[in-house]
1. What order do you get for 68, 93, 1 when you list them from fewest to most C-beta neighbours inside 10 Å?
2. Note the angle between two axes, namely the Cα long axis of helix 77-86 and the longest principal axis of the Cα atoms of the chain, as a number of degrees from 0 to 90, rounded to the nearest 10.
3. Tell me which lysines have Cα within less than 23 Å of residue 96's Cα, excluding those fewer than 8 residues away on the same chain?
4. What base-10 log of the normalised intensity I(q)/I(0) is obtained for the chain from the Debye formula, alpha carbons as equal point scatterers, at q = 0.12, 0.13, 0.16 Å⁻¹?
5. Where the only charges are on Cβ atoms (+1 Lys, Arg; -1 Asp, Glu), what is the dipole of the range 1-90 about its Cα centre, to the nearest 20 debye?
6. Please work out the Cα center distance from the range 19-85 to the range 142-193, rounded to the nearest Å.
7. What fraction of the DSSP beta bridges in the chain is antiparallel, stated in percent and rounded to the nearest 5?
8. With point charges of +1 on the Cβ of Lys and Arg and -1 on the Cβ of Asp and Glu, referenced to the Cα centre of the chain, which listed residue (68, 40, 133) lies farthest in the positive direction of the dipole?
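Read the figures in this text as sums done on the coordinates, not as results from a lab. Owing to the predicted nature of the structure, the values given are computational and were not obtained by experimental measurement. Cβ placement follows ideal geometry from the backbone for every residue including glycine, while neighbour counts extend to all protein chains displayed.
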Amino acid sequence: MRVIKLSEEALLDALETVKQGGVVVCPTDTVYGLLAAATNKKAVEKIFKIKKRPESKTLPVFVDSVEMAASLAVFDEKQKEFLEESWPGAKTMILKTKPKIKISKLLIKDNTVALRIPDYKFITDLIFELGNPLAQTSANISGKQTFYGVKEIIDQLSISEVKPDLIIDAGDLPEREASKIIDLTGAKPLTIR
């Protein structure tokens, strides 16, 4: 696990790591997250192994725009307005998938996908430069405490057999709530968390 400080150079390092199928621990607008290219099946599998998460529990996906969301999911004009009002920010939206989308099947459950545009420029820049969405989840072992500092994250993840390739250290993050999860697949938005 290489650890580097948050910087412009870190963006290039993270981009190269993700392009090569690696997993990056990165600050987000909520907590530190595990990120990998959503289009790379092995990289997505690696997140599950690091996190010790059952593959039956899908991961959310970061996108950088409503247009990128539209390449993965189906939504009408009213839902699009709701997305534009809610994003960027800590709201993950469950939407019906388009047929034959090019992301790992581990990110799709019952023909739905959970999408979010984070309010964090480093990540939206990373997605833009990559040209693809990112699989993402909090940087902790499933069922274990979520930490807001890199040292605690390293201590926790060091017990996992599989480890992230790169950790981007932005110092201690303020303690914030996880993103809200809103299901947009029904007639009305339904808040799940």
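1. On the way: 68 19, 93 27, 1 13.
If I rank by nearby Cβ atoms, fewest first, I get 1, 68, 93.
2. Roughly 30 degrees between the two axes.
3. Leaving aside lysines fewer than 8 places away in the same chain, those within reach of residue 96 are 41, 57, 78, 80, 105, 109, 180, 188.
4. These q points yield log10 I(q)/I(0) values of -0.53, -0.62, -0.96.
5. On the way: 13 positive and 14 negative charges, 180 e Å.
Charge dipole, the range 1-90, about its Cα centre: 860 debye, nearest 20.
6. Centre-to-centre distance over Cα atoms comes out at 12 Å.
7. On the way: 20 of 32 bridges.
Antiparallel bridges: around 60 percent, rounded to the nearest 5.
8. 40
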